[in-house]
1. Hey, LEU54 hits all of (1) surrounded by 11 or more Cβ atoms within 10 Å (Cβ to Cβ); (2) modelled with pLDDT under 85 but one; which does it fall short on?
2. Could you grab me the full set of residues in segment 35-48 that are part of a helix (DSSP H, G or I) and open to solvent by 30 Å² or more (accessible area, probe 1.4 Å)?
3. Please go through (1) surrounded by fewer than 12 Cβ atoms within 10 Å (Cβ to Cβ); (2) modelled with pLDDT under 90 for SER15 and return the number of the only condition it doesn't satisfy.
4. Considering only residues that are modelled with pLDDT of 80 or more and part of a loop (DSSP other than H, G, I, E, B), which ones fall in segment 57-83?
Amino acid sequence: YWLVHYTPEALVTGSPELDFVDRLLADVRNRANVDERRLFAVGFSNGAILCFALARWRSCTFGAIATVAGIADFGLFSLECPI
């Protein structure tokens, strides 16, 4: 279960789950040859909500996201990469 926070603070800084994704990607990069141009995020239901958060706060990391059956809050998105 991904606990993507939508508190006022999280809307500015992102959710703690994003730190997990950052650590996971760092581990994968250390273990495998990763083509940075081909990083994609896919999520279903609550995972889709996490993907929307990744699109908002990690847009420079992922080339695309795909979501299925998740609630989208498009007010969270911006065109700039915050990190």
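1. Unmet for LEU54, out of (1) surrounded by 11 or more Cβ atoms within 10 Å (Cβ to Cβ); (2) modelled with pLDDT under 85: (2).
2. Answer for segment 35-48, where residues must be part of a helix (DSSP H, G or I) and open to solvent by 30 Å² or more (accessible area, probe 1.4 Å): GLU36, ARG37, ARG38, ASN46.
3. Looking at each condition in turn, SER15 falls short on (1).
4. Of the residues in segment 57-83, the ones modelled with pLDDT of 80 or more are 57-69.
Matches in segment 57-83: ARG58, SER59, CYS60, THR61, PHE62, GLY63, ALA69.
The values are calculated or read from the model by the stated rules, or taken from the named source; none is laboratory data. Small disclaimer: the values here were computed from a predicted structure and weren't measured. Note: ideal-geometry Cβ built from the backbone for every residue, glycine included; neighbour counts use all protein chains shown. The protein model used for the area step is the full one, side chains on, heavy atoms only, and it has no ligands, DNA or RNA in it. Shrake-Rupley method; radii C 1.70, N 1.55, O 1.52, S 1.80 Å.
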